[in-house]
Amino acid sequence: MVKIGTVLLLLLFFHNQQAYSLDAIGSTSDTMIATVGDAEPANLVPILRGTGQLGTQCFTDAACAPSLYCFACPAASELQPKCTRKTATATSTFPKNTSLPFNKYAWLTTHNSYAIFGSTPQAGVPIITFFNQEDSVTDQLNNGVRGLMLDMYDFRNDIWLCHSFQGTCYEFTAFRPANKTLAEIKTFLDANPNEVITIFIEDYVHAPNGISRLFTNAGLMKYWMPVAMMPSNGKPWPTLREMIQRNHRLLVFTQDSTKEATEGIAFQWRYTTENQYGDDGMRNGSCPKRNGTPAMSDVSRSLIVQNYFPTNPNPINACRDNSGGLFNMLSTCFAASGNRWSNYIALDFYKRSTGGGAFRALDFLNGQMECDCQDISKSCSC
């Protein structure tokens, strides 16, 4: 059981850290203003004009280029805010574009995508639980997130996105009805006809046909990839282009093994391998499988989920974790997975880093899978 005091302490830390990431950065800190003010005039030009590139000193998000935001990582001994990546490289810019099998791409995934700091309480009481992200699901998708991890529970005669204590959703751990987040997903898919989204459901829904009815009512079945079209036994997936052309642009996986037969929802671990989440999945040189799942090296599962977030979400350390630690773990999990690169990288506070972070990791993974190169965004030709 989570201790309430621990949650409140993390909330305080998170609130303090916001000073480094919001548009108001620098305006509340004389030290930061002085640091920027002491910069050479030439260095101030991109700051003032809003064209700051990766690593440029800044004091507001507006100082940075559109794909960047202004952020500092004290956990890595960085007090001066700088322009930091916040968006993924579009697959449309890859040398081979959408021509590869779906399992030859890497996708940024948010752990507990719905557990957003600052969420307005929907159940009538303040939310007292952990937070894992800091911007809306819509913003996550616009920034290039393509995998969403959602915990679904029976709650108030509906299905809600919720944390729980001992498997039960309470008013103070409930975030919102799931249909509100699915509405955001539908809006994005409607507006972006060349994008594919994967949803991983941690499934505590016991209402008969509850999940399938939820997606039907949300108007998402027209994008649903049927289980019959998903390759089993490690066979290659259709190409990304074929999935887009067929409008199979929504993959939904459940952790309830019974629902593939009863509701047509793919049982996640029949198609994916997954490393251990939490602190045990962040130990240098080790990429153990998640308890109860196939071995990381099981090639009969053609999609690999790589978790990289602590047991208790830590907004202060996330920028450090999402940088060097994450990048080093890519090769560790590659070896553990039978020399296969991960397809989904699941993180807390996905934008936080010391510069490139998760987006640099994705560029590396996609570069390796597409052209055996180091960076899909600039150095690949094949």
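Any read-out appearing in this document is the output of simple, stated calculations on the displayed coordinates, not a laboratory observation. The shown structure was predicted, so the numbers you read here are calculated from the model rather than taken from an experiment. A quick note on method: Cβ atoms are made from the backbone with ideal geometry, for glycine too, and the neighbour counts reach across all protein chains shown.
Pick the calculated Rg and Dmax of the Cα atoms in Å for this structure from (1) 22.2, 92; (2) 20.6, 66; (3) 21.7, 76?
It is the value labelled (2).
To the nearest 0.05, what FRET efficiency results for residue 67 and residue 279 with a Förster distance of 30 Å applied to their C-beta separation?
That pair, residue 67 with residue 279, gives E of 0.40.
Please compute P(r) over all alpha-carbon pairs of region 250-382, binned at 5 Å starting from zero, and give each bin as a whole-number percent.
Reading upward from the zero bin: 2, 11, 18, 20, 19, 15, 9, 4, 1, 0.
So which lysines pass the test for residue 378, namely a Cα distance under 27 Å, with those fewer than 8 places away in the same chain ruled out?
Correct list for residue 378: 82, 86, 96, 104, 351.
If we count every other residue with Cβ under 11 angstrom of residue 358's Cβ, Lys/Arg +1 and Asp/Glu -1, where does the sum land?
Here the count lands on +2.
Report, in cubic angstrom per residue, the convex hull volume of the C-alpha atoms of region 92-237.
Given the Cα convex hull of region 92-237, per-residue volume reads 133 Å³.
Cut-off under 16 Å on the C-alpha distance; same-chain residues fewer than 8 positions from residue 186 excluded. Which lysines are left, in chain and number order?
Residue 186 reaches 222.
Run the reach check for residue 289 against aspartates and glutamates, Cα to Cα strictly under 16 Å, same-chain hits fewer than 8 apart removed. What comes back?
In chain and number order, the partners are 274, 279, 280, 298.
Can you classify region 156-250 as rounded, prolate or oblate using the Cα gyration tensor, where a ≥ b ≥ c are the square roots of its eigenvalues, rounded means a/c under 1.5, and otherwise it's prolate if a/b beats b/c and oblate if not?
prolate
Just from its helices, what would the mean residue ellipticity at 222 nm be for the chain, if runs of 4 or more DSSP H residues each count -39500 (n - 2.57) and the sum is divided by every residue, rounded to the nearest 500 deg cm²/dmol?
That comes out to -7500 deg cm²/dmol.
Around residue 188, under 13 Å between beta carbons, what's the net of Lys plus Arg minus Asp minus Glu among the other residues?
After counting each charged neighbour, the total is -1.
Set the Förster distance to 25 Å, then compute FRET efficiency between residue 90 and residue 120 from the Cβ-Cβ distance, nearest 0.05.
So, using R0 = 25 Å, E works out to roughly 0.20.
Add +1 for every Lys or Arg and -1 for every Asp or Glu among the other residues with Cβ under 13 Å from the Cβ of residue 178, and state the total.
Once positives and negatives cancel, what remains is -1.
Counting only the backbone N, which residues of region 307-351 are under 15 Å from the spot 7 Å out from the Cα of residue 286 toward its beta-carbon?
Within reach of a label on residue 286: 309-311, 329, 332-333, 336.
In debye to the nearest 20, how big a dipole does region 91-367 give about its Cα centre with +1 on each Lys and Arg Cβ and -1 on each Asp and Glu Cβ?
Dipole about the Cα centre, nearest 20: 780 debye.
For q = 0.16, 0.22, 0.30, 0.31 Å⁻¹, what log10 I(q)/I(0) does region 166-219 give under the Debye formula with an equal point scatterer on each alpha carbon and no solvent?
For region 166-219, the Cα-only Debye profile gives -0.60, -1.01, -1.34, -1.36.
Using a Förster distance of 22 Å, how high is the FRET efficiency between residue 218 and residue 191, based on the Cβ-Cβ distance and rounded to 0.05?
According to the calculation, E is roughly 0.90.
Using a cut-off of under 14 Å, list every residue of region 70-110 whose amide N is near the label point 7 Å from the Cα of residue 241 along the Cα-to-beta-carbon line.
Correct set: 92-102.
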